[in-house]
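**Q** First the structure, which I've put down as structure tokens, then a few questions once you've had a look.
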Amino acid sequence: MTHPAFAVDLWPDFWTEGDLAVLPDDGHRYEIIDGSLVVTPPPHGRHQNIATNLMVLLHTAAPPGWRILQAVGVRLPGANFIPDLVALRPGAVLDVWHEASDVGLVVEVASGSTQDFDRGSKAIKYAKAGIPAYWRVALDGSVTVEALVAPGQYGIVAEVKPGQAWEAAVPFPVVLDPDALIV
């Protein structure tokens, strides 16, 4: 049986953050980009394992006051995204949706259904919102580290492959070791 909120004729033509409240809490990720609803399936175990290992690593390295959270909302101009991990700056208030100015880092772990979206629209929106660092993690643990190189524009700072380690400086010093992410 179809839930009334999912009847196609009841869907808004232009989605807003408020419209997300009527969607079910079913494990899917519901995000908005330029008024369009984007739905992704729940992440699989390998994805979750990498995200959890990276969350622990970031939490351990974070200076006092920083918060490392999984799957919380980030409000951007023209978008509402739910990254796999977020590093919230000291003083940021915990809420369902966070302003981009409260975010020092967003991380997306690769999924077949989101890889192109993560490399394209999400990266562009995060950069334009001024989030200082954006990391994309592949399922082999490789990390593509991007940082703002100009206002609203990311550049690749490092591509850390298995068998390597690299120290990130933004948003705070932390050594990335892809092999430790996939254990």
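**Q** How would Thr16, Thr144 rank on accessible area, largest to smallest, probe 1.4 Å?
**A** Numbers: Thr16 65, Thr144 25 Å².
Largest accessible area first, the residues go Thr16, Thr144.
**Q** Can I ask one more? Going by alpha carbons, how many degrees (0 to 90, nearest 10) lie between the helix axis of 45-61 and the longest principal axis of the chain?
**A** Between the helix axis and the principal axis of the chain, the angle is about 50 degrees.
**Q** List the equivalent ellipsoid semi-axes of the chain in whole Å, largest first, each obtained as the square root of 5λ for an eigenvalue λ of the Cα gyration tensor. Present the calculation step by step, with values, prior to reporting the outcome.
**A** Values: eigenvalues 159, 66, 47 Å².
Output for the chain: semi-axes of 28, 18, 15 Å.
**Q** Using unit Cβ charges (K, R positive; D, E negative) and no other charged atoms, how large, in debye to the nearest 20, is the dipole of the chain about its Cα centre?
**A** Its charge dipole is roughly 380 debye.
**Q** Among Ala169, Ala79, Gly27, flag the residue with its Cα farthest along the positive direction of the charge dipole of the chain, charges on Cβ as +1 for Lys/Arg and -1 for Asp/Glu.
**A** So the residue furthest toward the plus end is Ala169.
**Q** Within 14 Å, Cβ to Cβ, of Val183, how many net charges do the neighbouring residues add up to if Lys/Arg are +1 and Asp/Glu are -1?
**A** Overall, the nearby charge balance is -2.
**Q** Once you have the Cα-Cα distance between Asp140 and Val183, take 0.36 nm times their residue separation minus that, and quote the gain in nm to one decimal. Write out the running numbers ahead of the final one.
**A** On the way: separation 43, 0.36 × 43 = 15.48 nm, distance 1.03 nm.
Separation in residues times 0.36 nm, less the Cα-Cα distance, equals 14.4 nm.
**Q** Calculate the dipole size of region 1-105 relative to its Cα centre from +1 charges on Lys and Arg beta carbons and -1 charges on Asp and Glu beta carbons; express the result in debye to the nearest 20.
**A** 540 debye
**Q** Please compute the contact order of region 8-151 in relative form: average sequence separation of alpha-carbon pairs under 8 Å and at least six residues apart, divided by the residue count, as a percent.
**A** On the way: 234 pairs, mean separation 25.0, N = 144.
Relative contact order for region 8-151 comes out at 17 percent.
**Q** Here is a further query. How much of the accessible area of region 92-183, probe 1.4 Å, is carbon plus sulfur, in whole percent? Don't skip to the end; give the middle numbers.
**A** Numbers: 2260 of 4100 Å².
Carbon and sulfur together cover 55 percent of it.
**Q** Counting only heavy atoms of protein chains, what accessible area per residue, in Å², does the chain have with a probe of 1.4 Å? Show your work: numbers first, answer last.
**A** Working: 9080 Å² over 183 residues.
With the other protein chains kept in place, the chain gives 50 Å² per residue.
**Q** Mind checking the log10 I(q)/I(0) for region 119-183 at q = 0.15, 0.22, 0.25 Å⁻¹? Debye, one equal scatterer per Cα, no solvent, two decimals.
**A** Computed log10 I(q)/I(0) values: -0.46, -0.88, -1.03.
**Q** To continue, here is another question. Give me the extension gain from Val175 to Ala150: residue separation times 0.36 nm, minus the current Cα-Cα distance, reported in nm with one decimal. Display every interim value, and only then the final one.
**A** Details: separation 25, 0.36 × 25 = 9.00 nm, distance 2.44 nm.
Residue separation times 0.36 nm, minus the Cα-Cα distance, leaves 6.6 nm.
**Q** Still on this model: Express as a percent, rounded to the nearest 5, the fraction of DSSP beta bridges in region 93-183 (both residues included) that run antiparallel. Write out the running numbers ahead of the final one.
**A** Values: 15 of 20 bridges.
Given both bridge residues lie in region 93-183, the antiparallel proportion sits at roughly 75 percent.
The values are calculated or read from the model by the stated rules, or taken from the named source; none is laboratory data. Computed from a prediction, not measured in an experiment: that's the story for all the values here. Every residue, glycine among them, receives a Cβ derived from its backbone with ideal geometry; neighbour counts consider all protein chains shown. What goes into the accessible areas is simple: the full protein's heavy atoms, side chains included, and nothing from ligands, DNA or RNA. Shrake-Rupley method; radii C 1.70, N 1.55, O 1.52, S 1.80 Å.
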